[in-house]
1. Are any residues in segment 85-115 within 15 Å of the chain's Cα centre (by Cα) and farther than 15 Å from residue 144 by Cα, and if so, which ones?
2. Just the residues that are in contact (Cβ under 8 Å) with a residue 24 or more places away in the chain and in a loop (DSSP other than H, G, I, E, B), please, taken from segment 140-179.
3. For segment 71-82, state whether one or more residues are at pLDDT below 95, in a helix (DSSP H, G or I) and of a type in the set (Phe, Trp, Tyr).
4. Residue 95: farther than 22 Å from residue 49 by Cβ and buried (at least 19 other Cβ atoms within 10 Å of the Cβ), yes or no?
Amino acid sequence: MKGVVFTEFFSFVEEQHSPEFLQDVINCSEIASKGVYTATGTYPVCEMAALLGSLAEKTGTDVSRLLLVFGEHLFGRFADGFPAMFRDADNAFDFLASVEDKIHVEVRQLYPDAELPRFEVIEHTPSRFVMVYTSSRHLGDFCEGLIRGCLAHFGEAATVGRVVKEVDPNSVIEFSIERAAA
């Protein structure tokens, strides 16, 4: 997992709690890196799982909810940090449709060793968007959080549904997004 996700996670925890609380989460996680990450580095996803587990234990919030909220937060940080990636999209559906063929291409240029999920657009109409997420990392809650963050970024009201298609060896999840009637 790219270090930028870890560094943003740390910022997220500090904003929600405090630097001391974050240090306590790191200490309780028993991770090899001891919580030292660079944005461009690559780190084992199991370290993020350990950090999330410690945060869940300390806050009484389940990991699924933490992943969802962190995904929403991270999308906003990406929008602030990489505005060029958002220039060609006028709305959330157009942006989501560009993830595999445009956004992930640019991410791979920045981070050649990035292991990214795959997204396949199934339906793209003005009122409905359906895509299939496939990943060996099983981060469907995080993906849903990113989708919700995208909708918030573009100021759009919509419902997000998901159906798990496969679990092993990859997560295969169909996300359906319905815009609210105007």
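1. 100, 103, 104, 107, 114, 115
2. The answer is 154, 156, 167, 169, 170.
3. Yes; the residues of segment 71-82 include at least one that is at pLDDT below 95, in a helix (DSSP H, G or I) and of a type in the set (Phe, Trp, Tyr).
4. For residue 95, the condition - farther than 22 Å from residue 49 by Cβ and buried (at least 19 other Cβ atoms within 10 Å of the Cβ) - is met.
This table checks each residue for (1) aromatic (Phe, Trp, Tyr); (2) assigned to a helix (DSSP H, G or I).
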{"site": "89", "(1), (2)": "no, no"}
{"site": "93", "(1), (2)": "yes, yes"}
{"site": "98", "(1), (2)": "no, yes"}
{"site": "104", "(1), (2)": "no, yes"}
{"site": "114", "(1), (2)": "no, no"}
{"site": "121", "(1), (2)": "no, no"}
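Here is a yes/no grid of residues against (1) part of a helix (DSSP H, G or I); (2) among the polar types (S, T, N, Q); (3) without any contact (Cβ under 8 Å) to a residue 24 or more places away in the chain; (4) over 22 Å from residue 135 (Cα atoms):
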{"position": "11", "(1), (2), (3), (4)": "yes, yes, no, yes"}
{"position": "22", "(1), (2), (3), (4)": "yes, no, yes, yes"}
{"position": "27", "(1), (2), (3), (4)": "yes, yes, yes, yes"}
{"position": "34", "(1), (2), (3), (4)": "no, no, yes, yes"}
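The values are calculated or read from the model by the stated rules, or taken from the named source; none is laboratory data. As the structure is a computational prediction, the values presented were derived from the model and not from experiment. Backbone-built Cβ (ideal geometry, glycine too); neighbour counts: all protein chains shown.
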